[in-house]
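K.L.:
Please see the structure below; I have some questions.
The values are calculated or read from the model by the stated rules, or taken from the named source; none is laboratory data. Remember, predicted model here, so these are calculated numbers, not experimental data. Cβ sites come from the backbone with ideal geometry, for glycine too, and all protein chains shown count toward neighbours.
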Amino acid sequence: MPRRFQFSLRVLLVAMLVLAVSIWAFILQRRSAEFRDHAEYARQVARYFSVSADPNAVQFYELTSRGWQGTSPSSEQKAQNDRWIQYYRESFAYYDKLRLKYEKAARCPWLPVDPDQPPPEAGQFAVDEWLEQVMTWPDSAVAIEQ
């Protein structure tokens, strides 16, 4: 006569262990995928800032958006360009560091991850310049009341 399956505490503990390991593996897989997404986002943003940090790119943008063709920028405009370039470089360094942090977290999802530091601020000059540009758009959908 074949031996009947006997439900014991040992069987229950083994079943619980298998279930716990399965759930833990699922959680780590999802956490790793989330960290990979964060790393990819940081890589794309860092790439944008690396291109924007090029002084020639900033000057080209300023020349075409401000209508300075044929004239040389003033010292104030050069200082503004320098502030933008510094902001882009700081932002590139910040997002590149963030990318490395999340790539490491995706490889080791069981380790804790420190909270992100705040990104570099563009400062009031960026807000003022943006408002100035928006107000000069002839067919802008953005209506700014003065």
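K.L.:
Residue by residue through the stretch 2-53, note down the ones that are among the β-branched types (V, I, T) and more than 23 Å from Y87 (Cβ to Cβ).
P.N.:
V11, V14, V18, V21, I23, I27
K.L.:
Can you find a residue in the stretch 111-130 that is crowded, with 17+ Cβ neighbours inside 10 Å and modelled with pLDDT of 90 or more?
P.N.:
no
K.L.:
Among the listed residues S50, S32, S22, identify the single one that is small (G, A, S), in a helix (DSSP H, G or I) and over 17 Å from the mean Cα position of the chain (by Cα).
P.N.:
The conditions single out S22.
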